[in-house]
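To start, the structure itself, in structure tokens.
The values are calculated or read from the model by the stated rules, or taken from the named source; none is laboratory data. All values reported here derive from a predicted model rather than from experimental measurement. Please note: Cβ atoms are built from the backbone with ideal geometry, for glycine as well, and neighbour counts cover all protein chains shown.
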Amino acid sequence: MANEPIPAAPERKKRILSCIQPSGIPTLGNYLGALKNWKKLADEFDGAFAVADLHAITVRQDPATFRKQINQVLALLLAIGLDPEQSIVFIQSHVPAHAQLAWVLNCYTQFGEMSRMTQFKDKSAAHADNVNVGLFAYPVLMAADILLYQADLVPVGADQKQHLEIARDIANRFNTVYSPTFTVPEPYIGKQGARVMSLQNPAKKMSKSDPNPKSYVSVFDEPAVIAKKIKSAVTDCEGAVYYGDGKDGINNLMGIYSCCTGLSYDQIAHDFAGKGYGEFKAAVADAVVEELRPVKERFDRIINDKSYLEDVAARGAARASRIANRTLQKAMKKIGFVLPK
Ligand code: AQP
């Protein structure tokens, strides 16, 4: 008995943080590229998932529509299978520490660093009439989102790599000036979700805030609408289904079809050999409808249960705040702020 080894303490699960902006109705791109994998992440890691409403106001939002979208995205997080008992599911603005830490971190971020962000360049070009400071400082708020939860991992697509780098730089800088305060997050490169491109301009990614609704499939679109949008997707005039150079439109539809069915590109090309784009597009539309159907059914049940949604948001905010406030206080204390009793 005396020599029996002491059992090792169970290893702490790594914390992972992921957010989605309620800047429109989420698209098939958001779903296949991110949301579809979040349930698996929640099972494997200690997950925190947020509706990033503070980020969404870097672009002007209509108040009534914005309010509706915040609730829709929260309901969608539950519809994709996230369990609010298991993971922290919350609305970013319900945790004031995000805005507070973002201000603090603004003062540890250089103007030059922010000026190099490609997303700022893209978004300021797209919204030339509203190039606001929030749009410029967006990556610092994102750094605050991540660092507040001491996240070990952040799933990143190609377009977010630069922002995670900045979060790491800010964390390292702060930790060096003071003492270790923030976990330096690593990118999580899991099973790659598809990068879904616009149906109208396959050189551009599919985006929920695209002014042209024909460019995206929304996760709430009815089957007939999905079929119509995919039917009018831009392709090429070759008429042959295979993955190749100069075939961005077909490559995109093959990516979507592959993600929904699990078929490889070779298999898809083989199955549709000698068939036209009309037949292929109809098959893609059917696969998308089947992929989104269960999510939409769960969403329809949840969105009408207002008190359940309020309850989830309140519990999520309380759990998130406990962790976030601890980190914020730790950082502020190191800087020399006098903390309230
Ligand atoms: N087209 C896409 N293909 C694959 N993944 C995508 N994501 C977004 N678009 C695609 C991923 O979805 C997650 C949540 O995105 P977000 O709402 O936080 O921000 P975003 O990338 O700016 O998404 P949108 O739809 O393009 O929003 P708007 O139009 O407001 O800018 C992220 O993991 C993102 O990579």
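You will find that of Lys281, Lys296, Lys275, Lys341, the residue that is outside the structural domain of Tyr178 (by TED's automatic domain parsing), over 30 Å from Val177 (Cα atoms) and in a loop (DSSP other than H, G, I, E, B) is Lys275 and no other.
Here Arg67, Arg60 are screened, and the one residue that is within 25 Å of Asp305 (Cα to Cα) and not in a strand (DSSP E or B) is Arg67. On the given criteria, is Val89 within 16 Å of the chain's Cα centre (by Cα) and either of a type outside the set (S, T, N, Q) or assigned by TED's automatic domain parsing to the domain that holds Val133 (or both)? For Val89, the condition - within 16 Å of the chain's Cα centre (by Cα) and either of a type outside the set (S, T, N, Q) or assigned by TED's automatic domain parsing to the domain that holds Val133 (or both) - is met.
Within the range 224-243, being within 13 Å of Glu279 (Cβ to Cβ) and hydroxyl-bearing (Ser, Thr, Tyr) holds for one residue alone: Thr235. Across the range 177-201, the qualifying residues are those that are of a type outside the set (S, T, N, Q), within 11 Å of the ligand (Cβ to nearest atom) and in a loop (DSSP other than H, G, I, E, B), and the one among them that is farthest from the chain's Cα centre (by Cα) is Leu199. So which residues in the range 1-51 are farther than 20 Å from Val154 by Cα and more than 10 Å from the ligand (Cβ to nearest atom), if there are any at all? Listed by number, the residues that qualify are Met1, Ala2, Asn3, Glu4, Pro5, Ile6, Pro7, Ala8, Ala9, Pro10.
A single member of Leu101, Leu74, Leu54, Leu105 is within 17 Å of Leu147 (Cα to Cα), within 14 Å of the ligand (Cβ to nearest atom) and either modelled with pLDDT under 95 or not polar (S, T, N, Q) (or both), and it is Leu54. Of note, Ser124 satisfies the criterion of being surrounded by fewer than 17 Cβ atoms within 10 Å (Cβ to Cβ), of a type in the set (Gly, Ala, Ser) and without any contact (Cβ under 8 Å) to a residue 24 or more places away in the chain. Say whether the condition of being within 18 Å of Thr183 (Cα to Cα) and either assigned to a loop (DSSP other than H, G, I, E, B) or among the β-branched types (Val, Ile, Thr) (or both) is met by at least one residue in the range 87-100. No, the range 87-100 contains no residue that is within 18 Å of Thr183 (Cα to Cα) and either assigned to a loop (DSSP other than H, G, I, E, B) or among the β-branched types (Val, Ile, Thr) (or both).
Among the conditions (1) within 17 Å of Phe280 (Cα to Cα); (2) outside any loop (DSSP other than H, G, I, E, B), Phe174 misses just one, which is (1). Residues of the range 1-42 that are out of contact with any Phe, Trp or Tyr (no Cβ under 6 Å at 6 or more places or on another chain), basic (Lys, Arg) and farther than 27 Å from Ala75 by Cβ: Arg12 alone.
Give the residue, chosen from Ile302, Ile250, Ile256, that is more than 15 Å from Leu199 (Cβ to Cβ), modelled with pLDDT of 95 or more, touching a helix residue (DSSP H, G or I) at 6+ places or on another chain (Cβ under 8 Å) and assigned to a helix (DSSP H, G or I). Exactly one residue qualifies, and that residue is Ile302. Take the residues of the range 228-247 that are assigned to a loop (DSSP other than H, G, I, E, B) and among the aliphatic types (A, V, I, L, M): which is nearest to Glu291 (Cα to Cα)? Out of the qualifying residues, it is Ala233.
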